[in-house]
Amino acid sequence: IWNAANPIFRGMYSRGMYHVALVNEFLRESTPEKLASRGITSTQEVADIEAYRYEARAQRALAYYHLMDLFGKAAFVTENDPINTAGPEYNRQQLFEFVESELLAIIPNLKAPKTNESGRLDQGFAHMILAKMYLNAEVYINTNRYTDCVDQCNAVISGGYVLNSNYLNN
C-alpha cells in the first residue's frame, strides 16, 4: 500500500503543492504595483503586507521542505511562473538549495523571535526549518551539516524558545 495509489500519500503530496500554489498566488497578487492599483498606498498597510509576503515565502519553504523530506522530489514553481504551470521536477539537492537560500534570504526580514502575534511565524520558525534540514543533510544532499544544525538550534534557543523540562512533553 506504500505507492502512488495510496490516498494518504497522494493527499500529502497534493497538500504540499496546494500550499505552494496558494503562496505563489498571494505573492503574485500582493506586489507593490498591484497594491497601488487597488488603492493600498498607506505606508503602514504596505509595510504590513510586505511582512506577510516574507512570512508566506517561509511557509512555501516549509511546504517544499516537506515535499523534499517525504518524496525526494517535487514540481517546482514560484510566483514568477504562470498559473497552471507544472514546473520542472526538482530533486532533493535542488529543493534543499532552494529552501536553504530562500530562508537565509528572508530571515532578516522576519520578525524577531517571539515578537510576532500569536499564530504567526518569526525568525525562530525559519531557523527551525534550517536546523531540521541540516540535521538530515546527509540524506538530502550527501553532505554532513551538523555544525550548521547546531548553529540554527542555537539561534532558536537564543531567540527564547526552550524545551519543556519534562522530556515526554517535547
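The values are calculated or read from the model by the stated rules, or taken from the named source; none is laboratory data. As the structure is a computational prediction, the values presented were derived from the model and not from experiment. Accessible surface is based on the protein model in full, side chains and every heavy atom, while ligands, DNA and RNA are left aside. Shrake-Rupley method; radii C 1.70, N 1.55, O 1.52, S 1.80 Å.
Computed from Cα atoms alone, the Kirkwood hydrodynamic radius reported for the range 122-170 is 11.4 Å.
Using the Cα coordinates of the chain, the gyration tensor eigenvalues translate into equivalent-ellipsoid semi-axes of 27, 24, 15 Å, sorted from longest to shortest.
For V162, V20, V150, give the ranking by accessible area with the largest first, probe 1.4 Å.
V162, V150, V20
What would the Debye formula give as log10 I(q)/I(0) at q = 0.19, 0.20, 0.29 Å⁻¹ for the alpha-carbon point model of the range 52-97, no solvent? Scattering profile of the range 52-97, log10 relative to I(0): -0.60, -0.66, -1.10. Counted as membrane-span-like here are DSSP H helices of the chain whose alpha-carbon atoms extend 27 Å or more along the helix's own axis and whose Kyte-Doolittle mean is 1.0 or above; there are none. Residues L27, L135 ordered from highest to lowest accessible area at a 1.4 Å probe: L135, L27. Summed over the residues of the chain and divided among them, the accessible surface reaches 60 Å² per residue at a probe radius of 1.4 Å. Taking all protein chains as they are arranged and a probe of 1.4 Å, the heavy atoms of M17 leave approximately 40 Å² accessible to solvent.
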